[in-house]
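Visitor: Okay, here's the structure, questions in a sec.
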Amino acid sequence: MYTVLAGGVGAARFLRGLLEVVPAREVVAIVNVGDDLTRFGLRICPDLDSITYWLAGVVHPEQQWGRAEESHVVASELERFGHEPWFTLGDRDLATHLHRTSRMGEGAPLSTVTGEVTDAFGLDLRLLPATDDAVETRITTSDGRDLHFQEYWVRERGRPEVTSVQLAGAGSARPAPGVVEALIDAEAVLVAPSNPVVSIGTILEVPGIRAALHTTPVPVVGVSPIVGGTVVRGMAHRLLPAIDTEVSARGVAEHYREWLDGWVIDNVDAAQHADVEALGLSCAVTDTMMDDVEVAAELARTCLYLARSMR
Ligand code: FO1
């Protein structure tokens, strides 16, 4: 089993490469659920859904979230009633949220429903929400507001300055069934190049997950989400200062160092190799820009090679 800590799109691209290299049945992704929200009574899980749609080959090609060949009949009819359309739900995507919400209403945990969704899309890997319990990422802005992550990122387009990030509900959350086992019993744990604050950071906030990373006997190898001092996509460069972390491949490695064994950085950051090794980590340098599946597969091979070299 190969276990991947995952956010949304960056993780989906990485998983697509990993699935070229190891059988899908041997892959488990532990996925951030801090971005999840309820709209019109429907439970929406953007990271779980982005990974599912990506790997099933049905993701919207420009947005990289939501469905390809999407229509927006329901969204435009909702505007008729005066609903502000800041978070767009396409018609095909709505079917996923309707299924999930109705099953959760019957008492099925999110992890069970996630398995139903991935099965329906023909995926053989296992996606596990970090927790089945209700958590949400809250963003405190420098003007003193407390926003849901999606209010900050989508409604306010990531513009406000962020002073702190919290996973509300984390105190009483438990890892979803299978999460801790997937971290302990794996061949290797891989950390996708996802946001260290609102993707990987929120997964680690679920009590028991960080501890499992500390105690796991298997190598933990991550891919830097920072390339050439900035992000490939998303807002990590805006959030890292809020957790006093330098916006660099080395800075994120230092932030992860207590539980990390190996760190894969991009060719453009090759000069940081010695700095990363000085943190006590093994370091590999390669192309991490996963624009096509071959690069993603080669990146996955590099991660596995680094992990095996440490066993
Ligand atoms: N991102 C947007 O920028 N605008 C949207 O209206 C939007 C809707 C949306 C609906 C379902 C879904 O699964 C994702 C959606 N996203 C949207 C993407 C999402 O907000 C973020 O990119 C992720 O949460 C960050 O990982």
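The values are calculated or read from the model by the stated rules, or taken from the named source; none is laboratory data. Keep in mind that what you see is a predicted model, and the values were worked out from it rather than measured. Counting neighbours? That spans all protein chains shown, and the Cβs are built from the backbone with ideal geometry, glycine included.
Visitor: If you check Glu20 against the conditions, is it within 12 Å of the ligand (Cβ to nearest atom), over 14 Å from Ser194 (Cα atoms) and at pLDDT 95 or above?
Guide: On the way: within 12 Å of the ligand (Cβ to nearest atom): no; over 14 Å from Ser194 (Cα atoms): yes; at pLDDT 95 or above: yes.
Spelling it out, it is not the case that Glu20 is within 12 Å of the ligand (Cβ to nearest atom), over 14 Å from Ser194 (Cα atoms) and at pLDDT 95 or above.
Visitor: Might you check whether a residue that is more than 16 Å from the ligand (Cβ to nearest atom), assigned to a helix (DSSP H, G or I) and hydroxyl-bearing (Ser, Thr, Tyr) occurs anywhere in the range 118-126?
Guide: Taking every residue of the range 118-126 in turn, none turns out to be more than 16 Å from the ligand (Cβ to nearest atom), assigned to a helix (DSSP H, G or I) and hydroxyl-bearing (Ser, Thr, Tyr).
Visitor: Oh, and also: List the residue pairs whose Cβ atoms are under 6 Å apart, where the first residue sits in the range 60-86 and is more than 21 Å from Cys45 (Cβ to Cβ), the second is near the ligand (Cβ under 10 Å from one of its atoms) and among the basic types (Lys, Arg), and the two are 6 or more positions apart or on different chains.
Guide: none
Visitor: Would you please name the residue that is surrounded by the fewest Cβ atoms within 10 Å (Cβ to Cβ), looking only at residues in the range 53-85 that are among the aliphatic types (A, V, I, L, M) and in contact with an Asp or Glu (Cβ under 7 Å, 6 or more places away or on another chain)? Even if it seems obvious, please write down each step before you answer.
Guide: Filtering the range 53-85 down to residues among the aliphatic types (A, V, I, L, M) leaves 55-56, 58-59, 68, 73-75, 78.
Applying the additional criterion that residues be in contact with an Asp or Glu (Cβ under 7 Å, 6 or more places away or on another chain) yields 73-74.
Numbers: Val73: 10, Val74: 13.
Step by step, filter the range 53-85, then rank; the result is Val73.
Visitor: Restricting the first residue to the range 278-296 and requiring it to be assigned by TED's automatic domain parsing to the domain that holds Trp259, which pairs with a second residue that is surrounded by fewer than 19 Cβ atoms within 10 Å (Cβ to Cβ) and assigned to a loop (DSSP other than H, G, I, E, B) meet a Cβ separation below 8 Å and a spacing of at least six or different chains?
Guide: Listed by first residue and then by second, the contacts come to Leu279/Arg257; Gly280/Arg257; Leu281/Arg257; Ser282/Met310; Val295/Asp287; Val295/Met289.
Visitor: Taking the criterion of being surrounded by 14 or more Cβ atoms within 10 Å (Cβ to Cβ) and either more than 14 Å from the ligand (Cβ to nearest atom) or assigned by TED's automatic domain parsing to the domain that holds Tyr305 (or both), would at least one residue in the range 30-52 satisfy it?
Guide: If we filter the range 30-52 for residues that are surrounded by 14 or more Cβ atoms within 10 Å (Cβ to Cβ), which is where we start, we get 30-37, 39, 42-52.
If we keep only those that are either more than 14 Å from the ligand (Cβ to nearest atom) or assigned by TED's automatic domain parsing to the domain that holds Tyr305 (or both) too, we end up with 30.
Taking every residue of the range 30-52 in turn, at least one turns out to be surrounded by 14 or more Cβ atoms within 10 Å (Cβ to Cβ) and either more than 14 Å from the ligand (Cβ to nearest atom) or assigned by TED's automatic domain parsing to the domain that holds Tyr305 (or both).
Visitor: Okay, moving on. Among Trp263, Trp259, which is the only one that is among the aromatic types (Phe, Trp, Tyr) and surrounded by fewer than 24 Cβ atoms within 10 Å (Cβ to Cβ)?
Guide: On the way: Trp263 fails: surrounded by fewer than 24 Cβ atoms within 10 Å (Cβ to Cβ).
Of Trp263, Trp259, the one residue that is among the aromatic types (Phe, Trp, Tyr) and surrounded by fewer than 24 Cβ atoms within 10 Å (Cβ to Cβ) is Trp259.
Visitor: Among the residues of the range 236-256, which ones are outside any helix (DSSP H, G or I) and surrounded by fewer than 19 Cβ atoms within 10 Å (Cβ to Cβ)? Break it down stepwise before answering.
Guide: Of the range 236-256, the ones outside any helix (DSSP H, G or I) are 244-248.
Passing the criteria: Asp244, Glu246, Val247.
Visitor: Arg157: surrounded by fewer than 21 Cβ atoms within 10 Å (Cβ to Cβ), at pLDDT 95 or above and within 16 Å of the ligand (Cβ to nearest atom), yes or no?
Guide: Numbers: surrounded by fewer than 21 Cβ atoms within 10 Å (Cβ to Cβ): yes; at pLDDT 95 or above: yes; within 16 Å of the ligand (Cβ to nearest atom): yes.
Spelling it out, Arg157 is indeed surrounded by fewer than 21 Cβ atoms within 10 Å (Cβ to Cβ), at pLDDT 95 or above and within 16 Å of the ligand (Cβ to nearest atom).
Visitor: Same structure again: Cβ-Cβ below 9 Å, separation at least six or inter-chain, first residue in the range 199-221 and in a loop (DSSP other than H, G, I, E, B), second within 16 Å of the ligand (Cβ to nearest atom) and at pLDDT below 95: which pairs?
Guide: From residues that are in a loop (DSSP other than H, G, I, E, B), the pairs are Ser199/Gly234; Ser199/Ala236.
Visitor: Give the residues of the range 48-65 that are over 11 Å from Thr114 (Cβ atoms) and under 15 Å from the mean Cα position of the chain (by Cα), sorted by residue number. Give the steps one after another, and end with the answer.
Guide: Quick first cut of the range 48-65, residues over 11 Å from Thr114 (Cβ atoms) only: 50, 53-65.
Hits for the range 48-65 are Ser50, Tyr53, Trp54, Leu55, Gln64, Trp65.
Visitor: Something else: Only one of these is under 23 Å from Ala300 (Cα atoms), without any contact (Cβ under 8 Å) to a residue 12 or more places away in the chain and either within 18 Å of the chain's Cα centre (by Cα) or away from the ligand (no atom under 15 Å from the Cβ) (or both): Glu181, Glu187. Name it. Explain how you work it out, then say what you get.
Guide: Details: Glu187 fails: without any contact (Cβ under 8 Å) to a residue 12 or more places away in the chain.
Checking each option against the conditions leaves just Glu181.
Visitor: When the range 100-117 is examined, which residues are found to be without any contact (Cβ under 8 Å) to a residue 60 or more places away in the chain and either surrounded by fewer than 16 Cβ atoms within 10 Å (Cβ to Cβ) or away from the ligand (no atom under 14 Å from the Cβ) (or both)? Reasoning before the result, please.
Guide: Step one: list which residues in the range 100-117 are without any contact (Cβ under 8 Å) to a residue 60 or more places away in the chain, which gives 100, 102-103, 105-108, 112-113, 115-116.
Within the range 100-117, Ser102, Arg103, Gly105, Glu106, Gly107, Ala108, Thr112, Val113, Gly115, Glu116 qualify.
Visitor: For the range 222-230, state whether one or more residues are within 16 Å of the ligand (Cβ to nearest atom), in contact (Cβ under 8 Å) with a residue 24 or more places away in the chain and outside the structural domain of Asn32 (by TED's automatic domain parsing). Talk me through it step by step, then tell me what you get.
Guide: Looking only at the range 222-230, we keep the residues that are within 16 Å of the ligand (Cβ to nearest atom), and these are 225.
Add one more test, that the residue is in contact (Cβ under 8 Å) with a residue 24 or more places away in the chain, and what stays is 225.
Filter once more, so that each one left must be outside the structural domain of Asn32 (by TED's automatic domain parsing): 225.
Yes, the range 222-230 contains a residue that is within 16 Å of the ligand (Cβ to nearest atom), in contact (Cβ under 8 Å) with a residue 24 or more places away in the chain and outside the structural domain of Asn32 (by TED's automatic domain parsing).
Visitor: Could you give me the residue pairs with C-beta distances under 9 Å whose first residue belongs to the range 1-21 and is under 10 Å from Val293 (Cα atoms), whose second residue is more than 16 Å from the ligand (Cβ to nearest atom) and modelled with pLDDT under 95 wherever it lies, and which are 6+ apart or on separate chains?
Guide: Qualifying pairs under 9 Å: Arg13/Asp291.
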